[in-house]
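Have a look at the structure below before the remarks.
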Amino acid sequence: QVQPVESGGGLVQPGGSLRLSCAASGSISRINTMGWYRQAPGKQRELVARLTTGGFTDYRDSVKGRFAIYRDNAKNMVYLQMTNVKPEDTAVYYCNTYPIIKYSWGQGTQVTVSS
């Protein structure tokens with residue numbers, strides 16, 4: 001099954017930065033919208049950010065102005081630049097298509113924001 005591979009997570013202090021990477025196992029150039037999702041313990045998975053091939057971006061309110069999503073279709077990569085992170089950003093982060101989930105969920109990458 002096609003499954004993205006997420007990386008770049010880790011332990012970071014509040015106010016710090018991280019860049020998450022997602023390697024798709026196939027071409028994403030024809031996939032209109034790619035997204036980053038996250039799931040915190042005891043909570044449902046939620047969409048954090050999405051990006052279309054045309055460059056349209058959308059973010060959930062809690063990360064606006066702090067996170068940036070971008071993609072490199074030639075490398076089949078999607079990135080999430082996280083800045084000024086907060087403890088409530090702690091979660092496992094995943095990438096996938098949007099709005100219809102086309103890939104099997106990968107293992108994700110754990111982001112822990114703590115001092």
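Assorted remarks:
- Residue ID - surrounded by the most Cβ atoms within 10 Å (Cβ to Cβ), chosen from residues in region 31-49 that are touching a residue at least 60 places away in the same chain (Cβ under 8 Å) and of a type outside the set (G, A, S): M34
Results for (1) of a type outside the set (S, T, Y); (2) assigned to a loop (DSSP other than H, G, I, E, B), shown as yes or no for each residue.
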residue	(1), (2)
S25	no, yes
I28	yes, yes
G42	yes, yes
G55	yes, yes
G65	yes, yes
V92	yes, no
W105	yes, yes
V111	yes, no
S115	no, yes
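- Residue satisfying all of: in region 11-30; touching a Ser or Thr at 6+ places or on another chain (Cβ under 7 Å) and under 16 Å from Y94 (Cα atoms); least open to solvent (accessible area, probe 1.4 Å) among these: L20
- Candidate set: region 93-115, residues that are of a type in the set (S, T, N, Q) and closer than 15 Å to S25 by Cβ; chosen: the one surrounded by the most Cβ atoms within 10 Å (Cβ to Cβ): N96
- Selected residue (only one of G26, G35, G15, G9 is of a type in the set (G, A, S) and on the phi > 0 side of the Ramachandran plot): G15
- Scope region 50-91; condition under 18 Å from A24 (Cβ atoms) and open to solvent by less than 30 Å² (accessible area, probe 1.4 Å); matching residues: L51, T52, I69, V78, Y79, L80
The values are calculated or read from the model by the stated rules, or taken from the named source; none is laboratory data. Just so you know, these numbers come straight off a predicted model, no measurement behind them. With ideal geometry, Cβ positions are generated from the backbone for all residues, glycine too; neighbour counts draw on all protein chains shown. The area values use the complete protein model at the heavy-atom level, side chains included, leaving out ligands, DNA and RNA. Shrake-Rupley method; radii C 1.70, N 1.55, O 1.52, S 1.80 Å.
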